[in-house]
Amino acid sequence: MQFNVEDISRLNLTLKTKPTSLAFGRALYAFEYQQQHYWLKTQAPNVNPDYEAGFLNELAFYQQCIEQQSCTDFLLPFQIMPDVNILAEQQVSGRAALIVRHADLLLHDCSALSTQEIQKILLQVLNAVDQLHQLGWIHADLKREHLVQYQQKVYLIDFEHVQEINSQIALQSLTATPRYMAPELFHGAAKTIQTDIYALGIIIYEWLTGQRLAAKNYQEWAYLHCQRLTIELPEHFLLFKKLLNGMLTKQKEYRFANIYTLKQCLMTEIV
């Protein structure tokens, strides 16, 4: 994938940014080129420090993947453009931009899937996250919409909160989505491989049950994750209960330590 500045200036870009994000300087565009669909993301400087930090963090992650020539099968085709000029009336010029190939959401209604089909999908997800971890990173913001599929492969997207494993960055401000937060994060602990695993557990649990966890505010989410959450699966998916128990254990030290042990459980429990 290789666009140039002239290509971008000629494209018919459609603004898809949510109003709140737009007010914070974020711009997200969709466009089509040679019958392929893409996203272009950019961020206005000096508007919102958190949004700007997230965007720059994601750019730095992608740039490091390029420089290290790492095996990054979990990344969609992408391109970093250091300087773009988009639609003068929207005053987007002289900014870096990230272009990523469009992909479809991975997880849809699974009620009609067999346990073997579920297992196959989960192994693809775990392999993608494991590859990220093996490179020394945690995603730190895993959620259902960040798991996508393109040409029958599973990919991860949105790396604004990605951080190096064991960086010991404590949760000074809420940079995680409460729905997917491990109990220790509500107590100000740093994100780890285990917090990625917990978030994956919530994603898988909601997918298998076909129901979303519900809470009205941050305090209710904290109570749910730290005390109230119990695993109740449909009868035909009970084979996955041991897996989810190991992913969603409230005490971090009793949770799966890494994706390898998680995959071992998945492959040995489901036959």
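Here, each number is a calculation from the coordinates, and none is a lab measurement. Since this is a predicted model, take the numbers as computed values, not measurements. We place every Cβ from the backbone using ideal geometry, glycine too, and count neighbours over all the protein chains shown.
With each run of n ≥ 4 DSSP H residues scored as -39500 (n - 2.57), what mean residue ellipticity at 222 nm is computed for the chain after dividing by its residue count and rounding to the nearest 500 deg cm²/dmol?
-10500 deg cm²/dmol
What is the sum of charges around Lys241, taking Lys and Arg as +1, Asp and Glu as -1, for the other residues whose C-beta is under 11 Å from the C-beta of Lys241?
-2
Counting alpha carbon pairs within less than 8 Å and at least 6 residues apart, what relative contact order, in whole percent, applies to the range 135-271?
Once normalised by length, the contact order is 22 percent.
If each residue's Cβ is checked for other Cβ atoms within 10 Å, how do Met1, Met247 rank with the fewest at the top?
Listing Met1, Met247 from fewest to most nearby Cβ atoms yields Met1, Met247.
For a quick check: sort Val148, Val5 by the number of other beta carbons within 10 angstrom, fewest at the front.
Fewest-to-most ranking of Val148, Val5: Val5, Val148.
Tell me, what is the percent relative contact order of the chain, built from C-alpha pairs under 8 Å that lie six or more residues apart?
Once normalised by length, the contact order is 15 percent.
Describe numerically, in nm with one decimal, the distance between label points set 7 Å from Cα along Cα→Cβ at Leu238 and at Ser167.
The two pseudo-label positions are separated by 4.3 nm.
Given Cβ point charges of +1 (Lys, Arg) and -1 (Asp, Glu) and nothing else, what value in debye, to the nearest 20, does the dipole of the range 91-235 about its Cα centre take?
With only Lys, Arg, Asp and Glu charged at Cβ, the dipole is about 260 debye.
Among Met181, His102, Pro234, which residue has its Cα furthest toward the positive end of the charge dipole of the chain, with +1 on Lys/Arg Cβ and -1 on Asp/Glu Cβ?
So the residue we want is Pro234.
Ranking His187, His102, His146, His108 by Cβ neighbours within 10 Å, fewest first, what do you get?
Fewest to most other Cβ atoms nearby, the residues stand as His108, His187, His102, His146.
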